There are 4 protein chains.
Amino acid sequence: MSDLLQLRELVRQFVDERDWDQFHTPKNLASALTVEAAELLEHFQWLEHGRLEELGPDKLVEVRHEMADVLVYLVRLADKLDLDLMAAVQEKMVLNRAKYPAELVRGDARKYYEYKK
Amino acid sequence: MSDLLQLRELVRQFVDERDWDQFHTPKNLASALTVEAAELLEHFQWLEHGRLEELGPDKLVEVRHEMADVLVYLVRLADKLDLDLMAAVQEKMVLNRAKYPAELVRGDARKYYEYKK
Amino acid sequence: MSDLLQLRELVRQFVDERDWDQFHTPKNLASALTVEAAELLEHFQWLEHGRLEELGPDKLVEVRHEMADVLVYLVRLADKLDLDLMAAVQEKMVLNRAKYPAELVRGDARKYYEYKK
Amino acid sequence: MSDLLQLRELVRQFVDERDWDQFHTPKNLASALTVEAAELLEHFQWLEHGRLEELGPDKLVEVRHEMADVLVYLVRLADKLDLDLMAAVQEKMVLNRAKYPAELVRGDARKYYEYKK
């Protein structure tokens, strides 16, 4: 079984044991995912450059846990929406390649619509 | 190769072709991840119940794309921090089981520290 | 002196006493603002309807504090960008009135670009 | 009338003309506020230092508009929760002064609970 399907099962079991499915509307899960992403960001927000070396080992453990929470909610949301995350990324990367042709955007961090200006 | 490692390679190649690694400090990636999570949330924010049926097929495609973006940035951040996402979730789920014992929290959505009150 | 200018002075003094201006780049402040907004959202995320009555008095105090944090960072960011927040809202509301004509959007929560479809 | 009360009236009128109060549960407003904060952050996310000079005049106009949106939702949420934002900030700043004594935290960006370690 693939990683993402294995995670889906792990999360399903955790939720079912706690009877938490009732709280897991897609809206609530999208909200929880955003909150976890922001908790992850919080560890970086005052760092001057935001590099790994500035974090320190204790913070890195916390960052790891916040990233796990993000993935848990993402996998759960995909489950509730009956989406295949792996296929979604593959599809999106095709679109990204079209939006950001390598020769046009090399070394440039602007959004695709800013090139049209 | 596992899903998550496959995605890591896909993203690495995309970034390298565009010389975008220079923008990918962990701080910037955590920020981009939060922004994508919020864009996902935006599709749900005015829905009354926030269920799948209220979204409609066009919005569902957009939701799918935003979820892909979240996963791309998460996988990229894990790569830059040299973390194993799969191991991180497995470790975090052990902690979650300890924090939220099924018999104590069944059907209850409070945070773990609220039970102590 | 207006409310917002009074807050600006209050925050300036607090920051200067702590020599924290060095951390207050616009980017870091935008990040801190987003983190505080997400902390606010966290109090609502599992509520069924998300109404005031579901919060309870303890949570309402916490919500009040998170809202204060959001305003503090917003006022600080405006100060660092040398923007007049009051003028910004008045200007934006004129744009919103043009984007969302009352007779067209009454009782409808879609984004302005969805009407064109 | 103070700035914040004036804004409250401006937003109330805008919402009433559009019959949008039905969408404005505190939960939905907290969500919309977070989404606007993230849209603000997006303008800064790939900047190297995140300073004003790196933004450019066009982006600054967009930043100004996003900040206006944040304030509009904050004022609206305060209205729906029947909170006085000005009093909330004054109260929170007293707590912040106790949590972060100037002589202890000068030039240090850690969170208050990290000092205890």
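The values are calculated or read from the model by the stated rules, or taken from the named source; none is laboratory data. Bear in mind the structure is a predicted one, so any value in this text is a computation, not a measurement. Methodologically, a virtual Cβ is constructed for each residue, glycine included, from the backbone with ideal geometry; neighbour enumeration extends over all protein chains shown. Note: accessible area is taken over every heavy atom of the protein model, side chains too, but ligands, DNA and RNA are not part of it. Shrake-Rupley method; radii C 1.70, N 1.55, O 1.52, S 1.80 Å.
The figures follow:
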{"quantity": "Only listed residue being among the charged types (D, E, K, R) and in contact with a helix residue (DSSP H, G or I) (Cβ under 9 Å, 6 or more places away or on another chain), chosen from B:53, B:48", "calculated": "B:48"}
{"quantity": "Elements of type helices (runs of 4 or more DSSP H) in region D:18-85, at least 1 residues being modelled with pLDDT under 95 and not aromatic (Phe, Trp, Tyr)", "calculated": "D:52-55, D:57-81"}
{"quantity": "Residues (open to solvent by 40 Å² or more (accessible area, probe 1.4 Å) and at the interface with another protein chain (Cβ under 7 Å from one of its Cβ atoms)) located in region D:44-59", "calculated": "D:46, D:49, D:51, D:52"}
{"quantity": "Within region C:1-30, considering residues that are touching a residue at least 24 places away in the same chain (Cβ under 8 Å) and at the interface with chain D (Cβ under 7 Å from one of its Cβ atoms), the one surrounded by the fewest Cβ atoms within 10 Å (Cβ to Cβ)", "calculated": "C:2"}
{"quantity": "Any pair with Cβ under 7 angstrom, 6 or more apart, that starts in region C:94-117 at a residue that is away from chain B (no Cβ under 14 Å) and part of a helix (DSSP H, G or I) and ends at one that is exposed (fewer than 11 other Cβ atoms within 10 Å of the Cβ) and polar (S, T, N, Q)", "calculated": "none"}
{"quantity": "In region D:80-108, the residues that are open to solvent by less than 30 Å² (accessible area, probe 1.4 Å), touching a His at 6+ places or on another chain (Cβ under 9 Å) and either in the same structural domain as residue D:7 (by TED's automatic domain parsing) or among the aliphatic types (A, V, I, L, M) (or both)", "calculated": "D:88"}
{"quantity": "Selection from region B:42-73 of residues that are under 12 Å from the mean Cα position of the chain (by Cα) and of a type outside the set (Val, Ile, Thr)", "calculated": "B:66, B:67, B:68, B:69, B:71, B:73"}
{"quantity": "Filter result for residue D:62 (more than 7 Å from chain C (Cβ to nearest Cβ), of a type in the set (D, E, K, R) and closer than 30 Å to residue A:54 by Cα)", "calculated": "no"}
{"quantity": "Any chance residue C:33 is touching a residue at least 60 places away in the same chain (Cβ under 8 Å), at the interface with another protein chain (Cβ under 7 Å from one of its Cβ atoms) and of a type in the set (A, V, I, L, M, F, W, C)", "calculated": "no"}
{"quantity": "Checking residue D:41 against (1) in contact with a helix residue (DSSP H, G or I) (Cβ under 6 Å, 6 or more places away or on another chain); (2) more than 20 Å from residue C:87 (Cα to Cα); (3) open to solvent by 10 Å² or more (accessible area, probe 1.4 Å), the condition it does not meet", "calculated": "(3)"}
